[in-house]
Amino acid sequence: MAPTGNLPLLYRAAALYHVHTKTALRESLCKPTLKICFASPCTLQHRRCVSVEAAIRHIADLTDKENRLVTRLYNGLIGGQRAALAESITIVETQHPRKKEMAQVLLQRVLAYRQEQERLNGGKPVAFRVGLSGPPGAGKSSFIEVIGKMLTGRGHKVSVLAVDPSSCTTGGSLMGDKTRMTELSRDMNAYIRPSPTSGTLGGVTRTTNEAIVLCEGAGYDIVLVETVGVGQSEFAVADMVDMFVLLIPPAGGDELQGIKRGIIEMADLVVVTKSDGDLIVPARRIQAEYTSALKLLRKKSKVWKPKVIRISSQTGQGIPELWDTVLQFQEAMLSSGELRVRRQNQQKVWLWNLIQENALLNFRQHPAVCAELPELELRVTHGDISPGLAADLLLKAFTTTP
């Protein structure tokens, strides 16, 4: 059963690439595949060609007004206009079906532009993505303010995607990170975009990955993604960045028990913040403890050993050394090819994340499921049937009802 409210993959690919002709698209998608299948290669190729032809025939072209908007946003985006970037991310974040289609057209054009820039750059990524997380009070915003100003002073363009928890009442952001990065927010070489989680599991919105692409298309060569809390959000952000940095305060005490082994294993760099004044001694102790702990954990990279660094956002101590460590990581990952492999794996992870999200949405909106769900929920809560049986009945209704 075809999902409603979303364009098929080939539909989106064909709708977007105005730089390709229909013939080029047909030829590129009709190449023989190495996938082993019971059908003959000729049959497989014929089926793929038929699918492409059907997709091309059924493209609902954007209206002239929509085309002008997408073109204006694209030209403004690659021209480095902050207003165009902000409007583009807004369209990507929208839930309006038609604007979601426009967003995919825009994203595909930006992806094509980024691929061309990477080709001109010798195959190297045009931007470096860094994920930042840690417990509340670790000083993430202060750290971003200091390192962001340092990087813009060195000629970099820095974008910050700060993902905040949402208010249950208004749906808006609670933390207001942009208001706490006053100097960086006024820097014309920096762009800060706070985004409410809107109830998304993991604290990272489903559109954060697409916002990263837009920021890179706009010429920002350093993308910082800040997440909230310690928990599922770290796993989400680690699947969309090149380097994952965990920030921890020096005097967390029992609060640091929330940082579990799995989170530490994901960290490419551990940063002990607020290493100044009376906190220097506990910061050194925490640094030694985590340095010892990291030696016992399984390494996720063959060319990089995670390090623990002390910094102070108040005095600026350790910030330049921290960035030197980041550059060492980037060079090691690029030269070994691990960075390219990591990005490829991340794209597959997000593909399946979006499939699961859309599949669940379509399941809940299915007429047969909507008709059966209230009664089955009531019977489950009363203990008349098991949740497993209720789930099986709903899935059966979903798959058998036309």
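The values are calculated or read from the model by the stated rules, or taken from the named source; none is laboratory data. These numbers were taken from a predicted model, which means no experiment stands behind them. Note that we place each Cβ from the backbone using ideal geometry, even for glycine, and neighbour counts take in every protein chain shown. In case anyone asks, the SASA skips ligands and DNA or RNA and just uses the protein heavy atoms, side chains included. Shrake-Rupley method; radii C 1.70, N 1.55, O 1.52, S 1.80 Å.
Under a 5 Å amide H cut-off, with hydrogens placed 1.01 Å from N, residue 247 pairs with 133, 134, 271 among residues at least 5 apart or on other chains.
Between residue 336 and residue 64, the contour length at 0.36 nm per residue exceeds the alpha carbon distance by 93.3 nm.
Per-residue Karplus couplings for region 349-364, computed as 6.51 cos²θ - 1.76 cosθ + 1.60 with θ equal to phi - 60°, are listed in order as 4, 6, 4, 6, 4, 5, 4, 4, 5, 5, 5, 5, 4, 5, 4, 5 Hz, Gly and Pro entered as x. To put it simply, the accessible area of region 298-375 at a 1.4 Å probe is 55 percent carbon and sulfur. For region 337-387, the Cα gyration tensor yields ellipsoid semi-axes of 38, 13, 5 Å (square root of five times each eigenvalue, largest first, whole Å). Dipole orientation for region 235-377: of the candidates 333, 263, 275, 333 has the Cα lying most toward the positive pole (charges on Cβ; Lys, Arg +1; Asp, Glu -1).
With a 10 Å radius around each residue's Cβ, average the other Cβ atoms per peptide and rank 322-332, 266-276, 145-155, highest first.
On the way: 322-332: 15.9, 266-276: 23.5, 145-155: 17.7.
So the peptides 322-332, 266-276, 145-155, ranked by packing, come out 266-276, 145-155, 322-332.
Of 393, 107, the order by accessible heavy-atom surface (1.4 Å probe, DNA, RNA and ligands excluded), from most exposed downward, is 393, 107. Taking amide H as placed 1.01 Å from N in the peptide plane, residue 128 has its amide H under 5 Å from the amide H of 222, 223, each at least 5 places away in sequence or on another chain.
Close amide-amide hydrogen proximity is noted between residue 310 and 272, each under 5 Å apart and 5 or more residues distant or on a separate chain (H modeled in the peptide plane; Pro and chain starts excluded).
The phi torsions of region 296-301, fed into the Karplus equation with coefficients 6.51, -1.76 and 1.60 and a -60° offset, translate into couplings of 8, 8, 5, 7, 9, 10 Hz, rounded to whole numbers, with Gly and Pro shown as x. Summary of packing: across the peptides 366-374, 241-249, the per-residue average of other C-beta atoms within 10 Å ranks them, highest first, as 241-249, 366-374.
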